[in-house]
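Presented below is the structure to which this report refers.
No lab work stands behind these numbers, since they all come straight from the coordinates. Quick caveat: nothing in here was measured; it's all calculated off a predicted structure. Cβ: placed from backbone, ideal geometry, glycine included. Neighbour counts: every protein chain shown.
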Amino acid sequence: NAGVTQTPKFRVLKTGQSMTLLCAQDMNHEYMYWYRQDPGMGLRLIHYSVGEGTTAKGEVPDGYNVSRLKKQNFLLGLESAAPSQTSVYFCATRDLNEQFFGPGTRLTVL
Amino acid sequence: GQSLEQPSEVTAVEGAIVQINCTYQTSGFYGLSWYQQHDGGAPTFLSYNALDGLEETGRFSSFLSRSDSYGYLLLQELQMKDSASYFCAVRDSYGQNFVFGPGTRLSVLP
């Protein structure tokens with residue numbers, strides 16, 4: 001089992017460009033989350049999903065959109081990237097009280 | 001709003017015992033989690049406390065006092081591989097999301 005995987009692992013964007021980060025899971029978990037982590041800080045929730053076809057805003061949703069068309073996939077989109085979105089992005093699933101994190105995507109916006 | 005406080009850094013020597021504290025102020029509370037994150041890696045789950053008291057898992061123990069809005073992670077018989085950042089996280093009042101603390105960087109010295 002692969003667990004939680006994220007694509008891509010690294011990406012460099014120019015300001016104004018768009019991109020989509022893909023999160024895939026093979027654990028059949030209903031809950032999925034997107035976080036961002038900035039240097040020396042904890043994780044901040046961007047968006048989350050409680051099941052296929054559902055999404056909801058987290059703490060820092062501005063500038064991001066998400067979709068959960070299939071249970072196993074959770075996509076995070078940046079419509080017009082800004083330097084403030086330079087961060088490490090983590091996807092996670094949840095089973096009861098435990099979250100399972102993907103390896104992360106390191107995004108730099110120039 | 002919700003906020004969590006942790007010490008930013010803790011240093012200890014191999015074989016010692018260290019305690020990492022977490023205080024929280026939240027509008028609702030389901031439980032307190034702890035995660036470990038090595039540099040460049042993803043957070044991994046350590047423990048979850050929903051009720052007051054001490055939970056022990058091998059060298060790690062976690063404690064919760066709901067009346068004091070306080071918890072701690074206790075690491076015994078420290079090893080070099082325990083050098084990492086440790087995050088507490090509160091499961092919010094709806095039970096769907098987790099709010100993470102800023103993290104405590106633990107350095108274990110030989």
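From a point 7 Å beyond the Cα of A:V50 in the direction of its Cβ, which residues of segment B:12-45 have a backbone N at a distance under 19 Å?
B:27-31
In Å and on Cα atoms, what radius of gyration and Dmax does chain A show?
13.0, 39
Rounded to the nearest 5, what is the percent of antiparallel bridges among the DSSP beta bridges in chain B?
Approximately 90 percent, going by the DSSP bridge assignments.
Of the candidates A:K14, A:K57, A:K71, which one comes out as most mobile in a Gaussian network treatment of chain A with C-alpha springs shorter than 10 Å?
A:K14
Can you report the principal axis dimensions of segment B:14-110 using only the alpha carbons, biggest first, rounded to whole angstrom?
For segment B:14-110, the Cα spread along each principal axis is 42, 28, 19 Å.
Check the protein assembly as shown and count each lysine pair with an alpha-carbon distance under 30 angstrom, considering only pairs eight or more places apart or from different chains.
8
What dipole magnitude, in Debye to the nearest 20, does chain B give about its Cα centre under +1 on Lys/Arg Cβ and -1 on Asp/Glu Cβ?
In debye, rounded to 20, chain B gives about 160.
Taking a virtual spin label 7 Å from the Cα of B:K81 along the C-beta vector, which residues in segment B:33-69 bring their backbone nitrogen under 16 Å of it?
B:36-39, B:41-42, B:44-46, B:58-60
Give the residue from A:A24, A:S84, A:G53 lying farthest towards the positive end of the charge dipole for chain A; charges sit on Cβ (+1 for Lys and Arg, -1 for Asp and Glu) and the dipole is referred to the Cα centre.
A:S84
Would you mind telling me which residue in A:G77, A:G58, A:G42 has the biggest mean-square fluctuation in a Gaussian network model of chain A, where springs connect alpha carbons within a distance under 10 angstrom?
Taking springs between Cα atoms under 10 Å, the residue moving most is A:G42.
Taking chain A as a Gaussian network, where each spring joins two C-alpha atoms under 10 Å apart, which residue of A:S87, A:S67, A:S18 fluctuates the most?
Looking only at A:S87, A:S67, A:S18, the biggest GNM fluctuation is shown by A:S18.
About the Cα centre of the protein assembly as shown, how large is the charge dipole given +1 on each Lys and Arg Cβ and -1 on each Asp and Glu Cβ? Please answer in debye to the nearest 20.
800 debye
So for the protein assembly as shown, considering every pair of alpha-carbon atoms, how many percent are separated by more than 33 Å?
16 percent
Any idea what % of Cα-Cα pairs in segment B:61-110 are farther than 14 Å?
63 percent
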